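Take a look at the structure set out below.
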């Protein structure tokens, strides 16, 4: 194994889909703006060279001829080159083929019934399903997507996959709750949720992870954004993670964001095969509040795993300066007491920002990591 | 046994309304078209509540963005702040930021009550934030202490109640999850009681219900039982029904018997058994049945199924129309 540079960089998840992808995969001809964006991106990244026929058809208004899958192939190539051009050490395809992180995996399973939309806030909604029967997986998912990335990535691929706890928390629990006797109060609800999480882990996640590993996946990010919703269920997050990864050999990371991490400790530390915590910090970091101070807690508990250090706020357009990124890395290194454990990444997926802003942020992140590296090598800087 | 039923929070928007509000955001429809859908959807919720014989009606509060927004957007002293998680759910509210002691805007809240309720306000349930939850969840930059703010908000909500009583509204629910998630003690508890005294003084024969959810209510009963209100509501999904303390002569009791966190429908006969057991022990003058958490944590179809359970539970308890 080759030694890594200090403060390697990685992405976390999804990116905003370009206009040409959205129009193209719907079978609509590209408008002038979409064509211009495609040409500019290809001029810069040369992503479509091996798919010249598809590129030409798309630019010629023949989206239907390319087909939705063909357009998504082009988009996946675009995102790989986009992230590689930003200098990232670990990349994926911007989740170009995924609508979002809940509906797609649930649709690969039997035992669920989609119930309709729930309001998240204002006029934003999400589709939510209920588990109504035994969970059964037709076949592992994300496999073809990973095959494509592996075949085309020049940097090391890291595949993200929604974790069992989040899939359970974002679903309604009917099947397992119905099996509980008596009034369905807090105790019954928790017992039912535990069964649900573990079944999801064993019957859906683990076979999928095993298939991905068999196809060559070495770094797998388990996304558990729901982990902070119910802090007293941190043990269920862990139980799901351990069941999903049981007996599997890969480098597993766990991404959690917008949570009070101290509330999840020390329970979370029992996630046995998790090698890296990829957490959001920049969003909560301000002159009034040190967003990285929570890292002290890991040191207090003696946890020596890697940290995927969120240094880019995905909810603001303002681009962090490289100096700001470097300062954040330096502060985190001080709290952890070991700079070699730090990977540098955005807080979360950058799909909330335009591709232009995301690119500027990622480039600043790379320059910031280099500054932090140089400062450590030459403390006078 | 006097049993009353009613919704305790917003009802979910129909799938048609979901699509329309999304389209409005994307510029694919007009505000007028969405307004017409809101009006029709409110009438549908009202018709459902009436068909099922609920004692109070809400028309769903479909337009309310969150519990605080009607006040935070109209009273002086507030701005609307960042998205913030609503307790342990995957829904979010915009945290009100209070920059100075708030000043109530007369008529503003009345204008935001669903139009479908205005023709017969006597049966409407007006849903408001409770002063303790409001004070506890806003970003207080006003310089006032939390206890003083709780009391002040109680007085202002009392003024609101007085105005709405004048318009014919009679039943007021104060939504107070914070009371059980962070039960107040000492001066804060006294401020809560004082806030509700101010509300009670304005009630003039109306009904006031404090509705809690989000945590086991037992640690909060010392305060809850002191509140000068018509009923206190607890969510039986979080509070063990068998451990609700006795309080003969205390306020009426509200029981959250529908769990909005699951699509699994409750058994009306089991609800009836629980309610009878609790009433035998606590002997409330009146028992209000409703969902614990607001039903808008569910999509429209399962929420509609659940609210039917409420009516069936009422039937299982007998007619519920008298002592």
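The values are calculated or read from the model by the stated rules, or taken from the named source; none is laboratory data. As the structure is a computational prediction, the values presented were derived from the model and not from experiment. Positions of Cβ are generated from backbone atoms using ideal geometry, with glycine treated the same way; all protein chains shown enter the neighbour counts.
Values for this structure:
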item	result
Residues that are over 17 Å from the mean Cα position of the chain (by Cα), within 10 Å of another protein chain (Cβ to nearest Cβ) and outside any helix (DSSP H, G or I), drawn from region B:281-300	B:299
Residue count for region B:216-236, restricted to those that are within 14 Å of chain A (Cβ to nearest Cβ), in contact with a strand residue (DSSP E or B) (Cβ under 8 Å, 6 or more places away or on another chain) and either at pLDDT below 95 or closer than 19 Å to residue B:185 by Cβ (or both)	2
Check on residue B:162, part of a helix (DSSP H, G or I) and farther than 30 Å from residue A:230 by Cβ	yes
Members of region A:124-138 found to be in a strand (DSSP E or B) and either touching a helix residue (DSSP H, G or I) at 6+ places or on another chain (Cβ under 7 Å) or surrounded by fewer than 18 Cβ atoms within 10 Å (Cβ to Cβ) (or both), listed by number	A:124, A:125, A:126, A:127, A:129, A:131, A:132, A:133, A:134, A:135, A:136, A:137
Test: residue in region B:286-296 that is without any contact (Cβ under 8 Å) to a residue 40 or more places away in the chain and either surrounded by fewer than 19 Cβ atoms within 10 Å (Cβ to Cβ) or closer than 27 Å to residue B:14 by Cα (or both)	no
Residue list for region A:178-196, filter: over 17 Å from residue B:266 (Cβ atoms) and over 27 Å from the mean Cα position of the chain (by Cα)	A:191
Test: residue in region A:194-203 that is without any contact (Cβ under 8 Å) to a residue 40 or more places away in the chain and not in a strand (DSSP E or B)	yes
Within region B:1-116, strands (runs of 3 or more DSSP E) holding 3 or more residues that are closer than 21 Å to residue B:172 by Cα and either more than 12 Å from chain A (Cβ to nearest Cβ) or in contact (Cβ under 8 Å) with a residue 40 or more places away in the chain (or both)	B:3-5
Residues of region A:295-326 that turn out to be in contact with a helix residue (DSSP H, G or I) (Cβ under 9 Å, 6 or more places away or on another chain), surrounded by fewer than 19 Cβ atoms within 10 Å (Cβ to Cβ) and not in a loop (DSSP other than H, G, I, E, B), as a count	6
Among (1) modelled with pLDDT of 95 or more; (2) farther than 28 Å from residue A:47 by Cα; (3) not in a loop (DSSP other than H, G, I, E, B) - the single one residue A:187 does not satisfy	(1)
Residue ranges of helices (runs of 4 or more DSSP H) in region A:1-116 with at least 3 members buried (at least 22 other Cβ atoms within 10 Å of the Cβ)	A:19-25, A:63-85
Index of the failed condition, residue A:154 passing every other in (1) over 20 Å from residue A:223 (Cα atoms); (2) away from chain B (no Cβ under 14 Å); (3) in contact with a strand residue (DSSP E or B) (Cβ under 6 Å, 6 or more places away or on another chain); (4) not in a strand (DSSP E or B)	(3)
Lone unmet requirement of (1) touching a strand residue (DSSP E or B) at 6+ places or on another chain (Cβ under 8 Å); (2) surrounded by fewer than 24 Cβ atoms within 10 Å (Cβ to Cβ) for residue B:130	(2)
Within region B:237-254, considering residues that are part of a loop (DSSP other than H, G, I, E, B) and within 14 Å of another protein chain (Cβ to nearest Cβ), the one surrounded by the fewest Cβ atoms within 10 Å (Cβ to Cβ)	B:240
Test result for residue B:268, over 22 Å from residue B:210 (Cα atoms), surrounded by 15 or more Cβ atoms within 10 Å (Cβ to Cβ) and more than 12 Å from chain A (Cβ to nearest Cβ)	yes
Qualifying position, being surrounded by fewer than 23 Cβ atoms within 10 Å (Cβ to Cβ), within 14 Å of chain A (Cβ to nearest Cβ) and either modelled with pLDDT of 95 or more or more than 19 Å from the chain's Cα centre (by Cα) (or both), among B:257, B:309, B:275	B:309
Filter pass, residue A:145 being under 19 Å from the mean Cα position of the chain (by Cα), in a loop (DSSP other than H, G, I, E, B) and within 23 Å of residue A:241 (Cα to Cα)	no
Output for region A:169-179, where each listed residue is in contact (Cβ under 8 Å) with a residue 24 or more places away in the chain and either facing chain B (nearest Cβ under 9 Å) or part of a helix (DSSP H, G or I) (or both)	A:169, A:170, A:172, A:173, A:174, A:175, A:176
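Matching residues to (1) touching a strand residue (DSSP E or B) at 6+ places or on another chain (Cβ under 6 Å); (2) surrounded by fewer than 22 Cβ atoms within 10 Å (Cβ to Cβ); (3) farther than 25 Å from residue B:124 by Cα:
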residue: B:28; (1), (2), (3): no, yes, yes
residue: B:42; (1), (2), (3): no, no, no
residue: B:47; (1), (2), (3): no, yes, no
residue: B:64; (1), (2), (3): no, yes, no
residue: B:67; (1), (2), (3): yes, no, no
residue: B:77; (1), (2), (3): yes, yes, yes
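So that you can scan it fast, the table gives a plain yes or no per residue for (1) within 14 Å of another protein chain (Cβ to nearest Cβ); (2) surrounded by fewer than 24 Cβ atoms within 10 Å (Cβ to Cβ); (3) touching a residue at least 24 places away in the same chain (Cβ under 8 Å):
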{"site": "A:167", "(1), (2), (3)": "yes, no, yes"}
{"site": "A:181", "(1), (2), (3)": "yes, yes, no"}
{"site": "A:191", "(1), (2), (3)": "yes, yes, no"}
{"site": "A:224", "(1), (2), (3)": "yes, no, yes"}
{"site": "A:229", "(1), (2), (3)": "yes, yes, yes"}
